[in-house]
1. For a quick check: sort 122, 76 by the number of other beta carbons within 10 angstrom, fewest at the front.
2. Relative contact order, percent, of the stretch 67-113 when contacts are C-alpha pairs under 8 Å separated by at least 6 residues?
3. Could you order peptides 79-86, 98-105 by the average number of other Cβ atoms within 10 Å of their residues, highest first?
4. For the stretch 87-100, what does the Karplus curve 6.51 cos²θ - 1.76 cosθ + 1.60, with θ = phi - 60°, yield as ³J(HN,Hα) per residue in whole Hz, taken in order and with x for Gly and Pro?
5. Could you work out how much longer the chain between residue 66 and residue 38 gets when fully extended? Use 0.36 nm per residue separation minus the Cα distance between them, nm to one decimal.
6. Rounded, prolate or oblate: which fits the stretch 44-134, taking a ≥ b ≥ c as square roots of the Cα gyration tensor eigenvalues, rounded meaning a/c under 1.5, else prolate when a/b beats b/c?
Amino acid sequence: MNRIGFAGLAVLLAGLVSAQVAEEQSALATDNCVPAGDLRGDAARGAELHLENCAECHGASGKTDVIVMHMDVPPKDQSDPEYMRTLTDAFLYLAVCQGGEAVGRSAVMQGWGDYFSDQQIKDLIAHMRGFSGT
């Protein structure tokens, strides 16, 4: 890893997060990252968030068709319906809100619960589901 390390990368990525969170409280602050209610929001709003904050590692189409230098194993293909059917919306919510390690995945995936609102995470889920049609 270069000089910034994972902590520096997390800070850098956090700085890229949408300014909308400044208007809304983070998911961690409002619900402690506990998924509740309808977990699918607005896919169009989720598309913008994904492109700005997730596509660098997950690819613009969820296929992880990018080279991620800091990962030994790239994220799974989110456009694969067979794989995505194995993941509940609550799992996706927790993965985004608390990070990969919280759901038994890579610790490289930081938690975004301090940065995204509950609604933004739901919007991301709707957009992610669109990759696979699930």
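Rule-based calculations on the coordinates, nothing more; no lab input. Please read these numbers as outputs of a predicted model, since none were measured by experiment. Don't worry about glycine lacking a Cβ; one is built from the backbone with ideal geometry, like all the others, and counts go over all protein chains shown.
1. Numbers: 122 25, 76 16.
Going from sparsest to densest Cβ surroundings: 76, 122.
2. Details: 36 pairs, mean separation 11.3, N = 47.
Contact order relative to length: 24 percent.
3. Values: 79-86: 13.4, 98-105: 15.8.
Per-residue mean Cβ counts within 10 Å order the peptides as 98-105, 79-86.
4. Whole-Hz 3J(HN,Hα) from phi for the stretch 87-100: 10, 6, 5, 5, 4, 4, 4, 5, 4, 6, 6, 9, x, x.
5. Values: separation 28, 0.36 × 28 = 10.08 nm, distance 3.11 nm.
Contour length minus the Cα-Cα distance gives 7.0 nm.
6. Details: a/c = 1.21, a/b = 1.07, b/c = 1.13.
It is rounded, given that a/c, with a ≥ b ≥ c, falls under 1.5.
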